[in-house]
Each structure stands twice: as C-alpha cells, then as structure tokens.
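J.: Sending over a structure as structure tokens; questions will come in a sec.
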Amino acid sequence: MSTRNSLVALDDVRKEFDDVVAVEDINLEIRSGEFFSLVGPSGCGKTTTLRMISGFETPTTGTVSLDGSDMTGVSPDHRDTNLVFQHLSLFPHMSVGENVGYGLRKRGLPGEEDDGRSESERRDDRISEYLDLVDLSGFADRDPTELSGGQQQRVALARALVNEPSVLLLDEPLSSLDRKLRKRMQVELRKIHEKTQGAFFYVTHDQEVAMTLSDRLAVMNDGQIEQVGTPEEIYREPASPFVADFIGDTNLLEGRADPDGDGAIVTVGDLSFRTDEPVDGDVTVSIRPEDFALAEDGALAGEIDERYFQGDQTVYVLSPDDDVSDLQIVMQGQEAPVEKGERVTVTVREGAPSVFDQY
Ligand code: ATP
C-alpha cells in the first residue's frame, strides 16, 4: 500500500491490451518535489505507466492515486498533472507567449491574488515568469518556427509548467534533440526542477540520463519493476542481473557458492571471495569494470586482448587463463600502463561483486 506522504501512488496496477500484459501488477510511489525516472528497454511498459498516471489510459486492475485521492477513472483534464511529449507539440499558428498562455486559458490562472492587476495582466506576468524560468525572456512574440529545437522544447516545458501542476510527466522529452543539445537540456531540466520544486516523473530508455537527473529511479523490465532506489543504490547494489547489466557497464559471470556462516564463499574460475549474501549453488556474479585492479600476485591471470585508451581512462578486454568469459576492465587515469598482448594478473575490490542465485 502507498504511504501517506506519496504524491503519486500506483497500487497493484496492471494494464492488458488484448493478450499483451504491458504492465504487470506494479507498485510505485513518487514523493512531493522529487525528480523520479522510470527507465527500461523499449517495450517494457514505461509509456503505458505514464499514461495511466496522466489519465490517458485506465488500468485493467489496481488504483492510481494523486495526493491521497483515488483518481483511477478520472479524465486527464481533471488531474493535477501535465505532460511533455517526445515530439514537439507547439501550436505553429500561435506565438511563443500564446503557446505558453494556452495552458492557463485551458485551466485558468492559479491563485486568487487581489493585487489590482486585471486577469489579462496577471496572465501576461505569469507567461513572462515562466519564459524567464526556461531562459527565454523576451521571446513571447516570436513564432515557434523561428526557434531552435532546444528552444522549442523549452517553450513546451514552460507551457506544461505554467499552471503549476503538482506532477509534470515527461515522456522522453529530449530524445528528438541532438546529443550536445540533449546534454545541455539535461542540465537545464534539472535547474528548472529545482526552481519549481514540483515533482517530475521522467520516462526514458536512456539509463545515463536517468542516473544523471534523478533523485530516485525505478528500473522496469517486461512490465515489472525490478528495483527502485537512488542512482547510487541501484548502481552499487543492483537487485538483479538485469539491473546490474542495464544500469552502467558490468561483467556478468557464472560462479558457484558454498554456504559459509551467514554468507557464502563464491568461486568464479580462479577467483574466490566471500559474500554476505546467503547464496548456495549456481550463482551469477556482477563485477563492474572499475572494480578490478592490476596486481603483482592477483588471483586471476590472463592476457590483454584489447586496449582502448579514452583519455581519462583506459578500457581493457582481458582473456582469462581459466574458462571464465572475457572481462572488461577499466583503469582510471591518463596513463595506460599495460599494452595489448601483455600478460597480467588482477584482483577484485573487496565487497564490490554482486551475487545472485540462479533459479
Ligand atoms: P518505448 O521505450 O519503445 O516507448 P515503452 O517501455 O514505453 O516502450 P509501452 O509503450 O508502454 O513501452 O508498451 C508496452 C507494451 O504494450 C508493448 O509490448 C506495446 O507493444 C504494448 N502496447 C502499448 N500500447 C498498446 C496499445 N494501445 N495496444 C496494444 N498494445 C500496446
């Protein structure tokens, strides 16, 4: 069940389209003011989840609550949410200011300030305020076609934010922009979020964007939520091999675990280490590339098959002598101490591997 301070709560929400189960009995809560992302591969159910929060889709079973009220069957117009889409959706026949003002006309001006200003003055002031927020002061009279892609996306954001929804829903809003602009807009989006203090729910297949922007994120796979946590929690303590592999780079290896007290001794080829996980038998082990270190007398020996110098770090592919599959290893720093073809031994940073039972 949702907790009291959650702004958006999904309780046992399921969505079926004929014989496709798009979302399978998920539970999620988004808190006031947080930047929350839903990340996962194409087709895993992200957009369907977002559309159920906005009201454009109704769950087959389960409830969607906003600010403690059950909104499951309520239409989008009667929810305190706004949506920004992947594809720009500005009205070409309206000026930038009129586009932003459209959101206000549709739902009315929030607040009942009696400060002597007429309704239209208050509306114009608010449009300027939100154009300011997205760094487009003075653009109110421009035609949207005169703006760059990034500027147009910022107008779309201002239009969605101007009536101060308690949740802004963003469906891959940056994916139509080129890489450089996307990076810049990520920073701006984070700044805009900080200024508005509202909750943002951001859907993306791009794990790097989700990690960079979010206070918390949920990783979705095949209609289910595999893990919810802060970027650090999800990166350091992935709940499943899928999460370990989807978020960041990792080596997924087959191993064996023998119970040892509360934990187990895990063996992967020539490598052996203790884990606090109570695992037993066949296991999958995730070791991040940066958790290996070159060592004189490391347990794992092999040959460097490939070497990719990247400036601030070097990526190596190590082919181990035992029958463990090839390993990706990252060494930080501007020096690449090992050449392709060289023989090395490596160790693994203590406590770094994640171990999962194989069912
Ligand atoms: P992407 O990142 O590619 O947008 P997604 O994670 O947002 O994917 P959804 O669009 O939610 O995934 O789709 C989840 C599943 O539900 C997919 O198998 C999709 O084909 C199916 N689906 C979505 N909408 C409908 C619909 N209206 N009718 C039938 N099937 C649908």
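J.: Among K46/K183; K15/K195; K46/K191; K46/K340, which pairs are too far apart, with a Cα-Cα distance over 32 Å?
T.: K15/K195; K46/K340, as the Cα separations exceed 32 Å there.
J.: So how much slack lies between D357 and K183, counting 0.36 nm per residue of separation and subtracting their Cα-Cα distance, in nm?
T.: Between D357 and K183, full extension yields an extra 58.9 nm.
J.: Which one of P259, P173, P144 has the biggest mean-square fluctuation once the chain is modelled by GNM with Cα springs under 10 Å?
T.: Comparing P259, P173, P144 in a Gaussian network model of the chain, the most mobile one is P259.
J.: Taking every pair of alpha-carbon atoms in the range 142-267, what share in percent sits in each 5 Å bin, from 0 to the bin with the longest distance?
T.: 2, 9, 16, 17, 16, 13, 9, 5, 5, 4, 2, 1, 1, 0
J.: With the cut-off at 1.5 for a/c, could you classify the range 249-357 from its C-alpha gyration tensor as rounded, prolate or oblate?
T.: prolate
J.: Can you give the FRET efficiency for R343 and D276, using 1/(1 + (r/R0)^6), R0 = 22 Å, r = Cβ-Cβ distance, to the nearest 0.05?
T.: Using R0 = 22 Å, I get an efficiency of 0.10.
J.: Determine the dipole magnitude for the chain: charges of +1 sit on the beta-carbon of Lys and Arg, -1 on that of Asp and Glu, nothing else is charged, the reference point is the Cα centre, and the result goes in debye to the nearest 20.
T.: 1820
J.: What distance in nm separates the simple spin-label points at R236 and D12, each placed 7 Å from Cα in the Cβ direction?
T.: 3.5
J.: Taking the DSSP beta bridges in the chain as the whole, what percent of them are antiparallel, to the nearest 5?
T.: Counting only bridges with both partners in the chain, antiparallel ones make up about 75 percent.
J.: Just to be sure I understand the model, the point goes 7 Å from the Cα along the line to the Cβ. What's the resulting L252 to E208 distance in nm?
T.: Using points 7 Å along Cα→Cβ, the separation is 2.1 nm.
J.: Another one. What part of the accessible area of the chain, given as a whole %, is carbon or sulfur when the probe is 1.4 angstrom?
T.: 44
J.: Can you tell which of Q152, Q197, Q313 shows the greatest fluctuation in a Gaussian network model of the chain with Cα springs below 10 Å?
T.: Between Q152, Q197, Q313, it is Q313 that shows the largest mean-square fluctuation.
J.: Counting only C-alpha contacts under 8 Å and six or more residues apart, can you give the relative contact order of the range 158-294 as a whole percent?
T.: 15
J.: If each residue of separation counts as 0.36 nm, what is the full-extension length gain between A295 and S32 once their alpha-carbon separation is subtracted?
T.: Contour length minus the Cα-Cα distance gives 89.9 nm.
J.: Per residue, how much accessible surface does the chain expose to a 1.4 Å probe? Answer in Å², no decimals.
T.: Accessible surface, normalised per residue, equals 50 Å².
J.: Cut-off 10 angstrom, C-alpha nodes, Gaussian network model of the chain. Which of G150, G40, G223 fluctuates the most?
T.: G150
J.: Hey, with R₀ at 25 Å, roughly what FRET efficiency would D260 and E350 work out to, going by the Cβ-Cβ distance, to 0.05?
T.: 0.95
J.: Could you tell me which of rounded, prolate or oblate describes the chain, using a ≥ b ≥ c as the square roots of the eigenvalues of the alpha-carbon gyration tensor, with rounded for a/c under 1.5 and, failing that, prolate when a/b is larger than b/c and oblate otherwise?
T.: prolate
J.: Testing the spin-label approximation: label points 7 Å from Cα along Cα→Cβ at R142 and H93. State their distance in nm.
T.: 2.3
J.: Oh, and also: Using R₀ = 45 Å, calculate the FRET efficiency as 1/(1 + (r/R₀)^6) where r is the Cβ-Cβ separation of S166 and D245; round to 0.05.
T.: 0.85
The values are calculated or read from the model by the stated rules, or taken from the named source; none is laboratory data. Keep in mind that what you see is a predicted model, and the values were worked out from it rather than measured. Virtual Cβ from ideal backbone geometry, glycine too; neighbours counted across all protein chains shown. We work out accessible area using only protein heavy atoms, side chains counted, and drop any ligands, DNA or RNA first. Shrake-Rupley method; radii C 1.70, N 1.55, O 1.52, S 1.80 Å.
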